[in-house]
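Have a look at the structure below, then the notes.
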4 protein chains.
Amino acid sequence: MTNPPNYGSTFHAWRDGAAGVWRDYTHHAFVEGLRSGALPRASFLHYLVQDYVFLVHFSRAWSLAVVKAETLDEMKVCAGTVDALVNHEMALHVRTCAEHGISEDVLFNADEEVANLAYTRFVMDAGLQGDFLDMMAALAPCVMGYGEIGQRLDREGSAGNDYQDWIDTYAGPDYQGLCGAVGAMIDAAVERRVGQNPQTAPRWPQLQARFTKATALEVGFWGMGLNPT
Amino acid sequence: MTNPPNYGSTFHAWRDGAAGVWRDYTHHAFVEGLRSGALPRASFLHYLVQDYVFLVHFSRAWSLAVVKAETLDEMKVCAGTVDALVNHEMALHVRTCAEHGISEDVLFNADEEVANLAYTRFVMDAGLQGDFLDMMAALAPCVMGYGEIGQRLDREGSAGNDYQDWIDTYAGPDYQGLCGAVGAMIDAAVERRVGQNPQTAPRWPQLQARFTKATALEVGFWGMGLNPT
Amino acid sequence: MTNPPNYGSTFHAWRDGAAGVWRDYTHHAFVEGLRSGALPRASFLHYLVQDYVFLVHFSRAWSLAVVKAETLDEMKVCAGTVDALVNHEMALHVRTCAEHGISEDVLFNADEEVANLAYTRFVMDAGLQGDFLDMMAALAPCVMGYGEIGQRLDREGSAGNDYQDWIDTYAGPDYQGLCGAVGAMIDAAVERRVGQNPQTAPRWPQLQARFTKATALEVGFWGMGLNPT
Amino acid sequence: MTNPPNYGSTFHAWRDGAAGVWRDYTHHAFVEGLRSGALPRASFLHYLVQDYVFLVHFSRAWSLAVVKAETLDEMKVCAGTVDALVNHEMALHVRTCAEHGISEDVLFNADEEVANLAYTRFVMDAGLQGDFLDMMAALAPCVMGYGEIGQRLDREGSAGNDYQDWIDTYAGPDYQGLCGAVGAMIDAAVERRVGQNPQTAPRWPQLQARFTKATALEVGFWGMGLNPT
């Protein structure tokens, strides 16, 4: 029950390597507020608006991953993720915000906070500086962290939770399927470029460092959600 | 009947600006061979294999356009084009090549000829050097040129043409709809960045130059198709 | 005496457009601490280590500007700035840190704080998303803000100031010459791409927004300096 | 005497791996014409104008390498190469062309031929798609091939050769020193990312393929020189 989700062996190793930071991220007070339902609505809406802007740039980042892909499968998984983000995940935000009188145009033009832009631009630059794997290491904490949080909150969440819609999105089969597909694709991408024992390869510490830094930036993102400016 | 297709006012202006080169491209001997059906099968297959590799990099280029987009509409049209390329246009190539015993894996790893890579890498670099419009000016000749050729060949093609399948793909409503959507999006992108009289703007000659150079590279691509090495 | 420095008309307009944020940046408590000499040494060293890492990525950013340049003059000014950063400005940091027992290797591998990476990655992504001007709007606050601060502190700084070495670096003729050259190059780049009345051009608000956001990120950088974690 | 120059072990392996294509490049009829002095002046001038445009984009490519660098040494060598290209190697072209009445402005705006742009844009895209090593594999054939050709022609060239100025540039200590520095930096970059037995690493074939393709594009560049359009 406390087992990590099965999103592939590379994710498993990166997650272990990030240890405490990973727990800070996946068990953040913001997440616990979603779980118990005690998260103030204002915090959630603040987060949701910022997360919409985040998803705009995250879609741009996954598009850069298509640019960097070297196999047809990598291209298809990354292009499919762009589609899932632009046409599905963002729809949750648009729908929920619309219920609170916030239009998509307002969302698209919301002022982006530092803790928000720091993560997406870090990912973009990982793609500009490194190769496909450098970018995957920076993208994975968001994709898979949300999958893991969704699964846990689905098991542990309070009944009649105000945030059930959010939990269902990330615990649901579409999103979990995405995490599994991305994880399998990353495993193949690692084997193709680094071989079968990637953790002993010279570049592993650099990949782990990107994953851990990106996870720390996610911690900052939740913190921003908790403290609307 | 000889009117150019209606893919927006920007395309119309760029097409006029490229004049003779545009005609060299859209009335190339290779195209006339498709029209009459006299194109040797070996030339067509050679072209098809190279064009598959072209579409791989062209999909990467449209993905870079998503990275460069600045409005939700720009993102959606470009992401939709990636999807159309990866999941539909390339299917024609895979299907036709399979009929001749060429697998998709062979296609993906075919040796890329100079006239082929010159165009896609020119587009990628236009995106790296310039903004979204610089990239659109380099992408448009391929997207819309094929649309225009498809329309004309559908009107003028020989009955019982061996290449009817190719003609149908580009003359069909899906592809023509894509050209219209891309053209409308480019018009909006130009107005947003350059204003309502873009042809008097300082950067217009540069945009025109990118379109014209890209068109010349398309001429080279047909030439490569005619002369299998 | 309170006139802004003469770094060209584009900078002048952007600076006016950023108004209050520009003042928050150039008159930040950190800056006033440098002026009076009251800034705690620990804050300064913390800032200096982070600023070294900043300069590494800022050099990468100016190199991306060379990639995006479209005239020989743009290439030369940007390449010259990379040289000035890598071979001169960073030397101040290395020298000062060495006096306090911090080696260049430690500097290069220092853990980069969020307020630090947010700015440089924002600049990189401005370059990836937009054209040369989008990147200049994001780069200018750092280059010219330091020039303006250097000039003012040189006039207003306390005698026997502990931070005279820092002030001299940015008030000195080399750095001021760099600001002037960059400013003149930006003016020419704007005229070439947008024309002689750039402030009425459709894209001006976007350029101003990039400049203002980058200035706000500089405010965050000083804040980080004041509060070593 | 027929030994390859000592530009490091990675270059040595890549050169061996390219075999026949490397010989086609370094012993091309154009090169033999430089050696004997029999190359028509018109061909040389045509080449020189195209090579000037090539160097503009090659400088942009080395600047992208600074963006992709991950150590201070990598940054310094790449930034130094940009400086050598912009401020020294291009000067030979400007000087020689000026003697024939061709101004630098004409050079900068010369129409770029397909065989020319194919190589530089291939390099840029290698940088966008891959990491620092992918880019080095694409850059190396030009830098080191010219070094090797310069050395050989210096030994074997006819006395009183009309092209002695060209030969001296590439055989001279400045250029040879650059080749040695780049080669040593590449060796360190390979060890850092792939380890001490890079030729057994999964990504080696891909690196070799980029080097070999880039070499083939250099063959095309000489061919263009021989056949002014």
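Structure notes:
- Counting the residues of the stretch A:1-49 that are within 18 Å of A:Q151 (Cα to Cα) and part of a loop (DSSP other than H, G, I, E, B) gives 11.
- Count of the stretch B:85-103 residues, restricted to those that are within 18 Å of B:D174 (Cα to Cα) and crowded, with 18+ Cβ neighbours inside 10 Å, is 6.
- Residues located in the stretch B:154-207, provided they are small (G, A, S) and in contact (Cβ under 8 Å) with a residue 12 or more places away in the chain: B:G157, B:S158, B:G160, B:A171, B:G172, B:G180, B:A181, B:G183, B:A184, B:A188, B:A189
- Test: D:Y52 is of a type in the set (F, W, Y) and out of contact with any Gly (no Cβ under 9 Å at 6 or more places or on another chain): yes
- Test for B:R193: is it farther than 29 Å from A:D73 by Cα, of a type in the set (K, R) and surrounded by fewer than 16 Cβ atoms within 10 Å (Cβ to Cβ): no
- Flag if D:Y52 is assigned to a loop (DSSP other than H, G, I, E, B) and either in contact with an Asp or Glu (Cβ under 6 Å, 6 or more places away or on another chain) or crowded, with 22+ Cβ neighbours inside 10 Å (or both): no
- Assessment of the stretch D:84-92 against the conditions (in contact (Cβ under 8 Å) with a residue 40 or more places away in the chain and charged (D, E, K, R)) yields at least one matching residue.
One line per residue, one yes/no per condition, for (1) within 23 Å of B:G160 (Cβ to Cβ); (2) within 14 Å of chain A (Cβ to nearest Cβ); (3) touching a Ser or Thr at 6+ places or on another chain (Cβ under 7 Å); (4) not hydroxyl-bearing (S, T, Y):
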{"position": "B:W22", "(1), (2), (3), (4)": "no, no, yes, yes"}
{"position": "B:H27", "(1), (2), (3), (4)": "yes, no, no, yes"}
{"position": "B:Y47", "(1), (2), (3), (4)": "yes, no, no, no"}
{"position": "B:V53", "(1), (2), (3), (4)": "no, yes, no, yes"}
{"position": "B:A61", "(1), (2), (3), (4)": "no, yes, yes, yes"}
{"position": "B:A65", "(1), (2), (3), (4)": "no, yes, no, yes"}
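- Verdict on B:T81 being of a type in the set (S, T, Y) and within 30 Å of B:L133 (Cβ to Cβ): yes
- Qualifying residues in the stretch C:1-48 (those that are charged (D, E, K, R) and touching a helix residue (DSSP H, G or I) at 6+ places or on another chain (Cβ under 6 Å)) - the one surrounded by the fewest Cβ atoms within 10 Å (Cβ to Cβ): C:D24
- When the test is whether a residue is touching a residue at least 24 places away in the same chain (Cβ under 8 Å), within 22 Å of B:T10 (Cα to Cα) and not β-branched (V, I, T), B:M144 passes it.
- Identification of helices (runs of 4 or more DSSP H) wholly contained in the stretch A:88-205 with 2 or more residues that are within 13 Å of another protein chain (Cβ to nearest Cβ) and under 20 Å from the mean Cα position of the chain (by Cα) yields A:90-99, A:104-108, A:114-129, A:132-156, A:173-194.
- Residue match in the stretch A:113-123 (condition: among the basic types (K, R) and surrounded by fewer than 23 Cβ atoms within 10 Å (Cβ to Cβ)): no
- A:A140 modelled with pLDDT of 95 or more and among the aliphatic types (A, V, I, L, M): yes
- D:P228 being in a loop (DSSP other than H, G, I, E, B) and modelled with pLDDT of 95 or more: no
- Residues that are more than 29 Å from C:L64 (Cβ to Cβ) and of a type in the set (A, V, I, L, M, F, W, C), drawn from the stretch D:75-103: D:C97, D:A98, D:I102
- Among (1) more than 30 Å from D:A201 (Cβ to Cβ); (2) within 14 Å of chain C (Cβ to nearest Cβ); (3) not in a helix (DSSP H, G or I) - the single one D:E70 does not satisfy: (1)
The values are calculated or read from the model by the stated rules, or taken from the named source; none is laboratory data. The model shown is predicted, which means the values in this text are computed figures rather than measured ones. Quick reminder, even Gly has a Cβ in these numbers, built from the backbone with ideal geometry, and neighbours come from all protein chains shown.
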